Amino acid sequence: MSQSTDVMEKIVALCRRRGFIFGSSEIYGGIGGFWDYGPLGCELKRNIKEAWWSDMVRNPPIGPKGVEFQMVGVDCSIIMNPKVWEASGHVGGFSDPMRDCKECKLRYRSDYLIKIFLVQVDEIPKESTIHSALDKIAGKTAAVSLLVDAAPGTSAADHGPAIKRAMGARKVQIVTIPQSDMPPFSLIYWIIDGKNYFMPSQYVGTSMKDMLNCPNCGGELTDPRAFNLMFQTYVGALQEASNIAYLRPETAQGIFANFKNVMDSSRVKIPFGIAQMGKAFRNEINPRNYTFRSREFEQMEIEFFCKGDEFCKAGEVTPIEWWEFWRDVRINWYKSLGLKSEHLRPRNQTKEELAHYSKACTDIEYLFPFSDEPQELEGVAHRGTFDLTQHQTHSGKDMTYFDDETRERFTPTVIEPSAGADRFTLAVICEAYSYDESRASPEFMRFHPRLAPIKAAVFPLVAKDGLPEIAEPIYREIKKHFPAQYDAKQSIGKRYARMDEAGTPFCFTIDGQSKEDSTVTVRNRDDASQIRIDKSRCLEYLREQLRL
Ligand code: GAP
């Protein structure tokens, strides 16, 4: 098991044990791709959504060149008129190519099925560069090539069983060697039945003709078929084609469909944004990596409407400048809530990846412990005038904007920062997870104070001798202002451990000395240090330290 898989397993175990995340309907064996948030998890996710709404909608940042803009919110229905999804392109195009195994019936996204190959080498270096590793295999033929499922979020270690089967091996072990010219990436070697093999990090795409076998059982795969990701339902009593409707696969279209309503009712002026957060549903072929790729998830989306290049006067902020602005705002927002810069990567989509109408799109990616490569948290896309034009064509309603200063009428250009609330929650959990063997309670969650589900705990050292009488009023005062917990049971060490796992930044403990000099101890979650303060200062101390 690789170190990162091990970390992920510990995170998943802690999340379940402490009530952050449970599998949906677990008592019936669960259901793939659906998750429930427990008492701590729902507070955490709520804090995340509130931080987004507060920082992006209620108090949006100031734009380039000091331009202030309005941001308003909407909360639209999940089921909309199906024509919305025809106009947006989802009915025709929101599909993944899939291949099924004729033997074991597992289903794969064919664009994630990738051919890898292994080349035998004499020895495994301690450290290497990709160039020196490639030099060593130049001219050699591959010992084996096989098809593996390399969906985003899988790591090389996941290919072990497929390699074992393809090579008929008894023992297969992965060895990751630091890539000295490109930390923190590693080069992948395998020891297979005692022999060493190098696996070049460049995967090789497979073509339709290149029909390799199922990574799970070696069975024959079907040809790729298009599989629409929208969940279908029927509206009304009759299950007939005219009643088909869809659960929304994104919140964005509710915003576009209400563009005119918002303009007419709230007197917003370009540039302005409309935001929405809420549930979205996609029948993902392979939900995986905990909550990362779910079938039901929440999005936090902004559609930002600005003037297209042809309508910008000299000195006005152009669409590409707005796009750069949103990209930077969103990366900095993640950093401000505790994601480390070295775990975040803005990645510009390549020309091949870009939608035909999109001029630019940056994926803001995060290095989750379950993956060798950073994975998408949010996309910041320059969508041009595509969406409003589509809805104007399909609905026959005017979706243009009239600028009463310049007397010009135009279809606004759209910049779309589209984030996933559950993906960010998972990133926050992974970033917060800390393990320090020297502590009495080695596992603790270093949440940013703004996101921590519980901000403080109050403990009487023992539940007698007049200590609860001092502790209870302190707890009652704090909980009027911050989420707090009171706990008088079990040893003080166990109580600290519980709060460390919940990520509670401060614990106040009332002990024998409190009766003599009115002081209490404050324990800091991050370094387990303790100081004494006067009991009357608990709330004030918390306010100063949390700076909320
Ligand atoms: N309106 C644009 C749009 O929906 P997207 O890249 O498909 O773009 C935006 O989704 C964000 O929604 C992603 O960056 C991710 O955070 C989140 N997201 C998408 N699919 C998801 C899934 N299956 N599970 C969890 N989050 C998902």
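Being more than 25 Å from Y290 (Cβ to Cβ) and either surrounded by fewer than 16 Cβ atoms within 10 Å (Cβ to Cβ) or in contact (Cβ under 8 Å) with a residue 40 or more places away in the chain (or both) holds for only one residue in F69, F94, and it is F69. For the residues K279, K269, the requirement of being in contact (Cβ under 8 Å) with a residue 24 or more places away in the chain, more than 14 Å from the ligand (Cβ to nearest atom) and of a type in the set (D, E, K, R) singles out K269.
What are the residues in segment 243-266 that are of a type in the set (S, T, N, Q), farther than 14 Å from F305 by Cα and more than 10 Å from the ligand (Cβ to nearest atom), if any? N243, N261, S265, S266 - these are the residues of segment 243-266 that are of a type in the set (S, T, N, Q), farther than 14 Å from F305 by Cα and more than 10 Å from the ligand (Cβ to nearest atom). If you filter segment 466-494 down to residues that are of a type in the set (S, T, N, Q) and in a loop (DSSP other than H, G, I, E, B), you find that the one that is surrounded by the fewest Cβ atoms within 10 Å (Cβ to Cβ) is S491. Restricting attention to segment 129-143, the residues being touching a strand residue (DSSP E or B) at 6+ places or on another chain (Cβ under 7 Å) and closer than 18 Å to S180 by Cα number 4.
One line per residue, one yes/no per condition, for (1) more than 16 Å from the ligand (Cβ to nearest atom); (2) over 33 Å from the mean Cα position of the chain (by Cα); (3) outside the structural domain of E301 (by TED's automatic domain parsing); (4) more than 30 Å from E301 (Cβ to Cβ):
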site	(1), (2), (3), (4)
T425	no, no, no, no
D436	yes, no, yes, yes
I454	yes, no, yes, no
P460	yes, yes, yes, yes
I478	yes, no, yes, yes
K489	yes, yes, yes, yes
G503	yes, no, yes, no
Q513	yes, yes, yes, yes
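Condition first: out of contact with any Cys (no Cβ under 8 Å at 6 or more places or on another chain), under 27 Å from S434 (Cα atoms) and basic (K, R). Can you find one or more residues in segment 510-526 that meet it? The answer is no, given that none of the residues of segment 510-526 is out of contact with any Cys (no Cβ under 8 Å at 6 or more places or on another chain), under 27 Å from S434 (Cα atoms) and basic (K, R). If the condition is being outside any helix (DSSP H, G or I) and crowded, with 19+ Cβ neighbours inside 10 Å, then segment 424-442 contributes only Y433. In the set (1) within 32 Å of the chain's Cα centre (by Cα); (2) surrounded by fewer than 17 Cβ atoms within 10 Å (Cβ to Cβ); (3) not aliphatic (A, V, I, L, M), the condition left unmet by R109 is number (2). Taking the conditions exactly as written (touching a Ser or Thr at 6+ places or on another chain (Cβ under 9 Å), buried (at least 17 other Cβ atoms within 10 Å of the Cβ), modelled with pLDDT under 90 and under 14 Å from F117 (Cα atoms)), does A150 satisfy them or not? For A150, the condition - touching a Ser or Thr at 6+ places or on another chain (Cβ under 9 Å), buried (at least 17 other Cβ atoms within 10 Å of the Cβ), modelled with pLDDT under 90 and under 14 Å from F117 (Cα atoms) - is not met.
Taking every residue in segment 422-433 that is acidic (D, E) and pairing it with any residue that is more than 10 Å from the ligand (Cβ to nearest atom), at least 6 positions away or on another chain, the pairs with Cβ-Cβ distances below 7 Å are E431/G338; E431/L339; E431/K340; E431/H343. Just to be sure before I move on: is I31 crowded, with 17+ Cβ neighbours inside 10 Å, out of contact with any Lys or Arg (no Cβ under 7 Å at 6 or more places or on another chain) and within 25 Å of G153 (Cβ to Cβ) in the structure I sent? In short, no.
Scanning segment 159-178 for residues that are in a helix (DSSP H, G or I) and surrounded by fewer than 16 Cβ atoms within 10 Å (Cβ to Cβ) yields one hit, P161.
Scanning segment 376-423 for residues that are near the ligand (Cβ under 9 Å from one of its atoms) and either more than 32 Å from the chain's Cα centre (by Cα) or part of a strand (DSSP E or B) (or both) returns E376, L377, E378, G379, A381, R383, E416, S418, A419, G420. Could you go through segment 354-361 and let me know if any residue there is within 11 Å of the ligand (Cβ to nearest atom) and at pLDDT below 95. Looking through segment 354-361, at least one residue is within 11 Å of the ligand (Cβ to nearest atom) and at pLDDT below 95. The residues of segment 289-326 that are of a type in the set (K, R) and either away from the ligand (no atom under 13 Å from the Cβ) or assigned by TED's automatic domain parsing to the domain that holds A157 (or both), listed by number, are K307, K313.
Filtering segment 330-360 to residues that are surrounded by 17 or more Cβ atoms within 10 Å (Cβ to Cβ), assigned to a helix (DSSP H, G or I) and touching a residue at least 60 places away in the same chain (Cβ under 8 Å) leaves R330, W333, Y334, H343. Does segment 86-93 include one or more residues that are of a type in the set (D, E), at pLDDT 90 or above, over 29 Å from D6 (Cα atoms) and not assigned by TED's automatic domain parsing to the domain that holds H394? No, the conditions are met nowhere in segment 86-93.
The values are calculated or read from the model by the stated rules, or taken from the named source; none is laboratory data. It should be emphasised that the depicted structure is a prediction, and the values quoted were computed from it without experimental measurement. Note: ideal-geometry Cβ built from the backbone for every residue, glycine included; neighbour counts use all protein chains shown.
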